[in-house]
Each structure stands twice: as C-alpha cells, then as structure tokens.
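In what follows, a structure is listed as structure tokens, so that the remarks can point back to it.
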Amino acid sequence: AQKVTQAQTEISVVEKEDVTLDCVYETRDTTYYLFWYKQPPSGELVFLIRRNSFDEQNEISGRYSWNFQKSTSSFNFTITASQVVDSAVYFCALSEASGTYKYIFGTGTRLKVLA
Amino acid sequence: GAGVSQSPSNKVTEKGKDVELRCDPISGHTALYWYRQSLGQGLEFLIYFQGNSAPDKSGLPSDRFSAERTGGSVSTLTIQRTQQEDSAVYLCASRGEVWNEQFFGPGTRLTVL
C-alpha cells in the first residue's frame, strides 16, 4: 500500500532562518511521482513541484530546494531565508505513474515564520 | 481566470438534507478529481473522472455520496442525507494530458448542523 508520512506536525522558525520539511513515502511501484503543495491561510492548494521516481536530481527554485533520495524513500523540502509569507501548511503527495494518478497525501506540516 | 473554480464557497445545511457541490475544471483538462479535507482524516481521495471512461469511485465513503461529470467538463458532487461527519472542505482538482500534477480549486466548506 502507498503511504506518505510527514512526521513534523508544526514547525516555527524566525524569519530568515532556513527550514527543512520532511517527507517519507512508501510504495511498491517502481515508477511513481512525488509532489509538494502549499496551502496558505486562504485554503487553496498551490502546486510547488513534481518529481518522477527515475529522476533523482535535486532541484532549486529561488529560495526553495528539494532533495529526493530513493535510497531512503524521502523527498524533503527546504526553504532558505524563510519569510513570513512562507507561513502555510505544506503537503507532500505521492501518485502512481499510471492509471488514475490519484494522490496519497501526507498529513501536512504547518510552518509558522515569525517576524 | 483560467483556474479550477468551485461553488458554493461555503455551504451550511441541516442534517438529513441533500447538497450539491459544483466544480469547473481548467479548460482542456480531461482528468477531474474530488478530494475531501477534514480534521480527522486529512486529505483523502473521493472520485476520479477521465474523459468518457467509467469513474474511479473507490474513495467514496458511503453510498450517500455520488458524482457526475457532464460533457466531460463540469462535475457535481452530491451528498444525500447529510450527516455531521460529512462536514469538511471538498476540493476539486483537474489535470492535463502532458504533466500529471493536479491543479486545485478553492474548495467548498460544508458544515452540517
């Protein structure tokens, strides 16, 4: 069965600190996709990144970076120099690479960035 | 805007009443999903539509829940005889053909009194 674990329920940091959000997944599929979404207080889920299982390159987008390691089944998300606007709930999700592509979500990590 | 839209944004109903929630996917997206976000259950998949294929209803929690998608576009999620445990935010998402990330609407917050 597929499962996504985000062990950190809530993290608080002071502005400009770096913060890493952990995501660990379980799947028997050899091909799959991983995603990160941001849910700000407004409630809408905002897509951040997609990673397929055969591409282990790390990715950087501005202050955001993602570290995908198949060996440890992890797909961690780092925000560098955090800002108050980064305060949100962040979800990691896993989908199969065929069929419905439906998501299995983690329980989310609430990030609070304090000024 | 070109995003996924949902209506109503909020719905308050009395236990036992039926409700209909609407989703307008991104134009051209053939795949449509409904998810439910509740405090106790997190984000959970409900149902999936793809073109004219039979929907994947494996996530619907009971036979009180049903959904349809007319003309391959707009979808309606219907909950009959609502119960208090149905209170949640119902999210709709659509997906294009090339990339498989889903784009979510703002959700409908359902409160069953």
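A short reminder: the numbers here are calculations on the coordinates, not readings from a lab. Remember, it's a predicted structure, so these values are computed and weren't measured experimentally. As a convention, Cβ positions derive from the backbone with ideal geometry for all residues, glycine included, and neighbour counts pool all protein chains shown.
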Using +1 at the Cβ of each Lys and Arg and -1 at the Cβ of each Asp and Glu in chain A, identify which of A:39, A:98, A:80 lies farthest towards the dipole's positive end. A:98
For region A:13-19, what does the Karplus curve 6.51 cos²θ - 1.76 cosθ + 1.60, with θ = phi - 60°, yield as ³J(HN,Hα) per residue in whole Hz, taken in order and with x for Gly and Pro? 9, 8, 3, 5, 6, 8, 9
10 Å Cβ neighbours from other chains, averaged over peptide B:31-41: 2
For residue B:39 and residue B:87 in one chain, what is 0.36 nm times their gap in residues minus the Cα-Cα distance, to one decimal in nm? 16.3 nm
Which loop-located chymotrypsin sites (Phe, Trp or Tyr not before Pro) does region B:52-113 contain, where loop means any DSSP state but H, G, I, E or B and the Cβ has at most 14 other Cβ atoms within 10 Å? B:99
16 Å reach of a label modelled at residue A:5, 7 Å along Cα-to-Cβ, counting backbone N of region A:32-75: A:69-75
Hey, what do the phi angles of region A:100-109 turn into as Karplus ³J(HN,Hα) couplings, whole Hz, using 6.51/-1.76/1.60 and θ = phi - 60°, x for Gly and Pro? 7, 6, 5, 8, 10, 9, x, 7, x, 10
Rounded to whole angstroms and listed largest first, the alpha-carbon spread of the protein assembly as shown along its three principal axes comes to 48, 39, 35
For residue B:46, the residues 5 or more places away or on another chain with a placed amide H closer than 5 Å to its own amide H are B:34, B:35, B:36
If N is the number of residues in chain B, what value comes out of its Cα radius of gyration divided by 2.2 N^0.38 Å? 1.00
Of the GluC sites (Glu not before Pro) in region B:72-110, those whose Cβ has at most 16 other Cβ within 10 Å and which sit in DSSP loop: B:97
Label model pair residue B:22, residue A:70: point-to-point distance (7 angstrom along the Cα→beta-carbon line) in nm is 4.6
Point-charge dipole on Cβ atoms (K/R +1, D/E -1) for the protein assembly as shown, about Cα centre, debye to 20: 360
A correct Karplus calculation of ³J(HN,Hα) over region B:27-34, with 6.51 cos²θ - 1.76 cosθ + 1.60, θ = phi - 60°, whole Hz and x for Gly and Pro, returns 4, x, 7, 8, 9, 9, 10, 10
Apply the a/c threshold of 1.5 to the C-alpha gyration tensor of chain A and tell me whether it is rounded, prolate or oblate. prolate
Lys/Arg +1, Asp/Glu -1 at C-beta; the protein assembly as shown dipole; positive extreme among B:62, B:90, B:34: B:62
Would you mind telling me which residue in B:54, B:67, B:31 has the biggest mean-square fluctuation in a Gaussian network model of chain B, where springs connect alpha carbons within a distance under 10 angstrom? B:54
Would you mind computing, in nm to one decimal, how far apart the modelled labels at residue B:57 and residue B:80 are, each placed 7 Å from Cα along Cα→Cβ? 1.0
Alpha-carbon centroid distance for the pair region B:1-22 / region A:31-72, whole angstrom: 30
